[in-house]
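The values are calculated or read from the model by the stated rules, or taken from the named source; none is laboratory data. Remember, it's a predicted structure, so these values are computed and weren't measured experimentally. As a convention, Cβ positions derive from the backbone with ideal geometry for all residues, glycine included, and neighbour counts pool all protein chains shown.
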Amino acid sequence: MLRFETAGESHGECLVATLTGLPAGIPISLEEINHELWRRQQGFGRGGRMKIETDRVSVVSGIRHGQTIGSPIAMLLPNADWKNWTESLPVESGDPSLHKPVDRPRPGHADLAGAIKYNFPDARYILERASARETTARVAIGAVAKQFLKNFGIEVLSHVIAVGSKRLERVVEWGEIVAHSKKTEVLLGCVDADCEAEMKALVDEAYRTGDTIGGIFEVVAHGLPVGLGSHITWDSRLDGKLAQAIVCIQAVKGVEIGFAEDGALSFGSKVQDEIHYNKDERSFYRGNNRAGGLEGGMTNGEDLRVRGFLKPISTLRRPLESVDLTTREPAKAAYERSDVCVVPAAGVIGEAMVAIVLAGAMLEKFGGDSLAETLRNFENYQQQVRAF
């Protein structure tokens, strides 16, 4: 079973990522991991933290001579901003006068609920762990999962389909997403230049007014075999695992697989993907992909499409009404350095989470202590599918 964990705080010494369960012999490139970390930091509307951090991974176990060795992988991601917080967040007691309390909780953030839950007098420790800085570690883990998946011809990418009220109203094909992913300059992650320009105008407006803005990203996985996941039990259904993987990303409030909302408002004859058979290639295929590549909790051979609905970031330069935790009097919410728009970055994080889930599903189905063994099992299954 594939398992991962992250540790660390937003302004602590470093983030820690561990991944257990990958077979031995998977070629791993640190530059590919670092490239994914770079992608997470891009996009129009990012805040000042991106000018401080240049994320690069340090692997301390589980990868040797460019390959996995079957043991747990551990990675460290230093926080460059730690130098500014060493006296404010010491491991030992330190000087209480140097503490930086967050005593005016931000609406929409974990601040108040977390402070009450853990009985803290302010929300500093809640902010430190609830911050989306934690997703840096997830992206590093997802980059390793991607490198495992590509051995089976599986790729995972994302693009942005909406920022605020501006939405791209068409299906984006896989080739467009691949071409867009090769660009070295990232604006808002939309494949349509005209639509992206209108999205940028909305981000500009949010910046001018001290506001923030959300949107929708879509993660697409290409090259998946039929039959990952299962219909047998509720917790083995792949759509359920993917939904949790997306909604657990900070600020994501909803998830959609395929064209769920449109389907819910239509008749069944307009929603189901009709089945066809190609006699030359001896394979089944769907006339459309409204289901998003999943039927009955299992992959059906079409591209997997899953969307995350990202609310606007809850830290505003023009703060909302709150309450002072000490005096209980009305007060403006606290402000911590933050972003205006993070939808493209959220897409990269979504890719990481989808890749981790798919890597786990591949290992559940095909097993193997080494990549060679997993590949043999995979190819035997593919022969069975072709012979069906």
Those residues of the range 342-360 which are in a helix (DSSP H, G or I) and either within 30 Å of D280 (Cα to Cα) or β-branched (V, I, T) (or both), in sequence order
V343, V348, I349, V354, I356, V357, L358
Is one or more of the residues making up the range 65-74 assigned to a loop (DSSP other than H, G, I, E, B), crowded, with 19+ Cβ neighbours inside 10 Å, of a type outside the set (A, V, I, L, M) and at pLDDT 95 or above?
no
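Among the residues of the range 342-388, what is the count of those that are in contact (Cβ under 8 Å) with a residue 60 or more places away in the chain and farther than 17 Å from R237 by Cα? Outline the logic, then answer.
Looking only at the range 342-388, we keep the residues that are in contact (Cβ under 8 Å) with a residue 60 or more places away in the chain, and these are 342-365, 368-375, 378, 381-382, 385-386.
Right, trim to farther than 17 Å from R237 by Cα and you get 342-352, 368-375, 378, 381-382, 385-386.
Of the residues in the range 342-388, 24 are in contact (Cβ under 8 Å) with a residue 60 or more places away in the chain and farther than 17 Å from R237 by Cα.
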Quick check on the range 6-62: of everything there that is among the polar types (S, T, N, Q) and part of a loop (DSSP other than H, G, I, E, B), which residue is nearest to V144 (Cα to Cα)?
S29
If we keep just the residues of the range 1-33 that are surrounded by fewer than 16 Cβ atoms within 10 Å (Cβ to Cβ) and polar (S, T, N, Q), which is nearest to Q250 (Cα to Cα)?
T20
Quick count over the range 109-133, residues being over 24 Å from the mean Cα position of the chain (by Cα), farther than 17 Å from R328 by Cα and either surrounded by 20 or more Cβ atoms within 10 Å (Cβ to Cβ) or among the small types (G, A, S) (or both), is 1
Looking across the range 274-295 at residues that are acidic (D, E) and surrounded by fewer than 10 Cβ atoms within 10 Å (Cβ to Cβ), the single one that is modelled with the highest pLDDT is E274
